[in-house]
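What follows is a short report on a single structure.
The values are calculated or read from the model by the stated rules, or taken from the named source; none is laboratory data. Note that this is a predicted model, so its numbers are computed, not measured. We place every Cβ from the backbone using ideal geometry, glycine too, and count neighbours over all the protein chains shown.
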Amino acid sequence: MEQKAVCRLAANDRMEGSFLLVRGADRKTDKNGRVYIDMSLADQSGEINGKIWNWEDTQEMPQSGSVIKVRGLVQEYNGRLQLRIERWRKAAPEDEVDMNALVPSAPRAAGDMMGDIREAVASFRSEALRKLTDEMLNIAGEKLEWFPAAQRMHHAERSGLLHHTTDMLHLAESVIENYPWLNRDLLLAGVIIHDLGKIDELKSDETGNVTDYTRDGQLLGHLVRGITNLNLAAERTGVKGEPLVLLEHMLLSHHGEAEYGSPKPPMFPEAEALHWIDMLDARMNTMKTVAEKTPEGSFSEKIFSLDRRVYHPMYRDDAE
């Protein structure tokens with residue numbers, strides 16, 4: 001039997017021997033003192049909450065990042081779908097599970113996206129900005145090739161951070177074409193390094209599955225960690241003065257306002273442009289992802305990061 005995609009599941013559907021990725025699993029206790037396992041399960045198309053009731057602690061608990069085979073019934077609870085798991089087991093090598101069907105991934109190869117970034121850096125006229133950006137990429141290391149951009153919001157996929165960064169680079173080039181008085185090197189450098197601190201902020205495995213925030217992520221966040229890494233890059237390259245301060249400000253201000261974590265608002269044109277390019281790319285990716293999981297002519301559930309529901313237009317002249 002062909003496995004039904006998570007995004008196409010509906011209440012009362014049965015899953016019979018389906019393979020799903022465990023994105024997270026917690027042992028919990030209900031109000032009557034009964035132990036159960038609460039999980040976030042996923043395939044490439046989306047996530048669904050899963051529950052294993054009447055849990056016995058003699059069993060081995062499902063591990064984040066693992067693949068399990070499940071049998072169960074899809075139910076609706078508080079307006080959201082939930083999989084009531086009746087039986088499950090860990091996937092075995094002989095199951096020959098296709099991980100590409102389970103792991104959301106960027107639409108382009110990581111090597112191609114890294115090539116775009118390296119080409120952009122090589123084109124900088126500013127030696128100081130080129131040195132700082134190159135060293136920030138060196139600090140990010142090999143993790144950048146597979147690291148996601150978020151746990152559940154935009155670009156939450158394998159190589160999602162590269163996907164977000166390269167799409168922003170293309171958008172930034174269009175902005176520069178319309179506003180040629182902007183400093184191209186500064187804006188592109190800001191685009192490339194603005195979220196590299198997420199590599200220190202999130203706990204992710206090589207599938208792009210984020211299980212939690214790191215200690216740095218909880219105590220500092222990617223804006224502050226980005227600044228400390230940028231200062232390390234400056235120390236290693238000997239760059240100081242205005243180029244360093246401008247990039248520091250762009251890192252601190254790219255969320256736009258204090259409500260979203262930025263201690264300073266953007267205070268020069270390239271910083272303002274970075275903020276809106278980041279915002280536009282993040283929201284367009286979220287809109288696209290949600291629309292793909294929502295039938296045409298229907299509304300999604302409320303999307304936390306957008307604080308609204310999303311409508312999937314039918315895009316047909318004869319639609320009513």
What are the pairs, 6+ residues apart or on separate chains, where a residue within region 185-202 that is in contact (Cβ under 8 Å) with a residue 12 or more places away in the chain has its Cβ under 7 Å from a residue that is among the acidic types (Asp, Glu) and surrounded by fewer than 24 Cβ atoms within 10 Å (Cβ to Cβ)?
HIS194/ASP278; ASP200/ASP216; GLU201/ASP216
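Rundown of residues vs (1) under 17 Å from PRO263 (Cβ atoms); (2) of a type in the set (Lys, Arg); (3) assigned by TED's automatic domain parsing to the domain that holds ASP167, yes/no style:
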site: GLY190; (1), (2), (3): yes, no, yes
site: LYS198; (1), (2), (3): no, yes, yes
site: ASP205; (1), (2), (3): no, no, yes
site: VAL210; (1), (2), (3): no, no, yes
site: ASP216; (1), (2), (3): no, no, yes
site: VAL224; (1), (2), (3): yes, no, yes
site: THR228; (1), (2), (3): yes, no, yes
site: ALA233; (1), (2), (3): no, no, yes
Single unsatisfied condition, SER262 versus (1) in a helix (DSSP H, G or I); (2) within 22 Å of the chain's Cα centre (by Cα):
(1)
The one condition in (1) in contact (Cβ under 8 Å) with a residue 12 or more places away in the chain; (2) surrounded by fewer than 19 Cβ atoms within 10 Å (Cβ to Cβ); (3) not charged (D, E, K, R) that THR133 fails to fulfil:
(2)
Test: GLY79 is surrounded by 12 or more Cβ atoms within 10 Å (Cβ to Cβ) and either touching a residue at least 60 places away in the same chain (Cβ under 8 Å) or out of contact with any Lys or Arg (no Cβ under 6 Å at 6 or more places or on another chain) (or both):
no
Pull up region 83-93, narrow it to residues that are surrounded by 13 or more Cβ atoms within 10 Å (Cβ to Cβ) and touching a Gly at 6+ places or on another chain (Cβ under 9 Å), then point me to the one that is nearest to LEU9 (Cα to Cα).
LEU83
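In region 94-116, is there at least one residue being within 22 Å of LEU188 (Cα to Cα), among the β-branched types (Val, Ile, Thr) and either crowded, with 21+ Cβ neighbours inside 10 Å or out of contact with any Phe, Trp or Tyr (no Cβ under 8 Å at 6 or more places or on another chain) (or both)?
Step one: of region 94-116, the residues within 22 Å of LEU188 (Cα to Cα) are 106-116.
Now drop any that are not among the β-branched types (Val, Ile, Thr), which leaves none.
Checked against the condition, which is being within 22 Å of LEU188 (Cα to Cα), among the β-branched types (Val, Ile, Thr) and either crowded, with 21+ Cβ neighbours inside 10 Å or out of contact with any Phe, Trp or Tyr (no Cβ under 8 Å at 6 or more places or on another chain) (or both), region 94-116 yields no hits at all.
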